[in-house]
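Comments concern the structure below.
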């Protein structure tokens, strides 16, 4: 059992200060770029496309000057599950995947086990997609302050206000969620430590944990929910005391600046992602 | 508990202060549960799912109503999409769409049964919510050919 | 008192989030000992590493590569150690322990620890009864109360009882009186003294309140920035108030006054820790004798 430290694993939501190119972009640019790239990643099935996307992602990580080690640590909690699923996919999904640009070839077949070049491809592509998305998501939050992020979301959603979308309120929900995440992580850590000290069977986390019963989870979830609701009540009271009245007619002190670099990055990612999508069936392998 | 919701401009918004904050906090819990993989029950099958990540969604639906339930469900879905390690979860229709309904179904069941027995209403609402999640996701998975 | 110390810490280093951009060193080369039956205080200002240190005592945190933590002979750096047993031997009560309550009924929550230890129902019940008595909660009145319906102070008692029910040999309390009103605070400390007296439970009190520490522990370690800045018996440490103050803490008022008086040669320099002792000292200095020892300590209702 390793020391229980959750904050290590919350790489999403943690702003890591810096002055890189990426840090300085308008949040709307980053959000849009994130969306475009996500689309491209989601629909790319070939090895080549994924290799390109992986390189692009790594390039962005370097441009942002965030340590790769740090991003990889966010991968750690998921590892056993990724491995398990990868093995499952590899061994049992032979039928399900028609490989890209290849004739389906059965490489090994024993009983239920059916490994094809299709399942191999599926595993590799899934894993690389996962890593790419993980990095991009972490990058987004690591290089953008939360307030900027939500200003960006709100600004982008504002045009839809006429259709009844409460843009400001929704972005506030997101702000609150992101703000509470590290707090709740710390609280969860404290609760687990206290329960472990009482002998609760927490964490044999190195190995695969197949079944966590409802009882085992209750020792964490009940106090966590109680604490979360208590904080929520405090926040509600504070907001009401400040006469928070929703987003209608609300002005903002911070004005976002969309400059030439932003336009450039926006344009590049848009074109790149569009190209990847349009050409997705044209890659050789 | 002070509740000024009905008294001023907030009435025009579908989201009161209370709903905003609770939606935010429950979303945070959802993300926390998913990200730290707490209580991830993996049963080797086509759909390996987090079986407690939908609890905050149900809580949101029962306690604060369908709007909050849908929002938290959306966060659950988006998160599941971002995190999904199998192809089925990389599909928006499988990961996100069914999750939007968890809060609504839980809420509907709760208000329907609440007069009969509050405690039972909560339990049944939770079950229905969980079912919405499982059936919805599996169903969409099948429909989409996974 | 047995030969081997219950807890021995040598050259303990620890950093949070090691290997990430947010790494922060919490402990630097701590050396510390707690012997069986002792009452030890750990004091220091906020951020000095107190909580981090005590979480090593029961194995929640493990030492970094250097450093060693020995508890009742077991090396906590060794992964083969039976940590369940360590959790039972060293009972750790966290700051605001109310946050650990999760069972619907008070009795069930307190019984959680013993249940995890595999103790059967009849004995469990006895333990719960004993633990509740120790913290001052009437067994019959409280065992079936809803945990979340209690007042803050009562919830805290339930939480402490939950740890006591494990019957630990060492009880470590991390700022367990914080947030309590003065009389509840006194009550808790009194009960801890009783526990120590009746069961010979070793006590480790983490606090930033001097008055509390002074009268309820025998030895004290003062932490500053992750290392031990001062240590010794309470009187030894408090004989140097300027040094204590430099570490962001303070000595009991009575001690400070006596120190000032000693500087001008009015007293013999002995270190009083409580008001009665201070009064004694003052009277002696003025050449008077008190009617009975402790008679002048009326401000303090014990």
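The values are calculated or read from the model by the stated rules, or taken from the named source; none is laboratory data. Here the structure is a predicted model, which is why all the values come from computation and not from measurement. Every residue, glycine among them, receives a Cβ derived from its backbone with ideal geometry; neighbour counts consider all protein chains shown.
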- Does residue C:160 meet the test of being part of a strand (DSSP E or B) and crowded, with 20+ Cβ neighbours inside 10 Å? no
- Considering residues of the stretch C:198-238 that are in a loop (DSSP other than H, G, I, E, B) and in contact with a strand residue (DSSP E or B) (Cβ under 9 Å, 6 or more places away or on another chain) only, the residue nearest to residue C:89 (Cα to Cα): C:201
- In the stretch C:163-196, residue farthest from the chain's Cα centre (by Cα) [restricted to those that are surrounded by fewer than 16 Cβ atoms within 10 Å (Cβ to Cβ) and closer than 17 Å to residue C:100 by Cα]: C:179
- Query: Within the group A:43, A:6, which residue is surrounded by fewer than 22 Cβ atoms within 10 Å (Cβ to Cβ), under 19 Å from the mean Cα position of the chain (by Cα), away from chain C (no Cβ under 14 Å) and modelled with pLDDT under 85?
  - Reply: A:43
- Item | Per-region count, the stretch A:172-189, residues more than 7 Å from chain B (Cβ to nearest Cβ) and surrounded by 22 or more Cβ atoms within 10 Å (Cβ to Cβ) | 1
- Item | Residue check, residue A:221 on the phi < 0 side of the Ramachandran plot, surrounded by 17 or more Cβ atoms within 10 Å (Cβ to Cβ) and in contact with a helix residue (DSSP H, G or I) (Cβ under 8 Å, 6 or more places away or on another chain) | yes
- Message: Go through (1) at pLDDT 50 or above; (2) over 19 Å from residue A:233 (Cβ atoms) for residue B:25 and report which single condition fails.
- Response: (2)
- Message: Looking at (1) surrounded by fewer than 23 Cβ atoms within 10 Å (Cβ to Cβ); (2) more than 20 Å from residue C:90 (Cβ to Cβ), which one does residue C:199 not meet, given that it meets all the others?
- Response: (2)
- Which of the residues that make up the stretch A:220-246 are more than 7 Å from every other protein chain (Cβ to nearest Cβ) and part of a loop (DSSP other than H, G, I, E, B)? A:242, A:243
- Message: Can you find a residue that is away from chain A (no Cβ under 14 Å) and more than 21 Å from residue C:124 (Cα to Cα) anywhere in the stretch C:156-168?
- Response: no
- Go through the residues of the stretch B:13-21 one by one and say whether even a single one is touching a helix residue (DSSP H, G or I) at 6+ places or on another chain (Cβ under 7 Å), at pLDDT below 90 and surrounded by fewer than 18 Cβ atoms within 10 Å (Cβ to Cβ). yes
- Scope the stretch A:46-70; condition touching a helix residue (DSSP H, G or I) at 6+ places or on another chain (Cβ under 7 Å), surrounded by 15 or more Cβ atoms within 10 Å (Cβ to Cβ) and within 14 Å of chain C (Cβ to nearest Cβ); matching residues: A:61, A:64, A:66
- Give the residue that is nearest to the other protein chains (Cβ to nearest Cβ), with candidates limited to residues of the stretch C:72-103 that are farther than 17 Å from residue C:166 by Cα, in contact with a strand residue (DSSP E or B) (Cβ under 8 Å, 6 or more places away or on another chain) and in contact (Cβ under 8 Å) with a residue 12 or more places away in the chain. C:95
- Item | Residue check for residue C:134: more than 13 Å from chain A (Cβ to nearest Cβ), at pLDDT 90 or above and either in contact with a strand residue (DSSP E or B) (Cβ under 8 Å, 6 or more places away or on another chain) or surrounded by 18 or more Cβ atoms within 10 Å (Cβ to Cβ) (or both) | yes
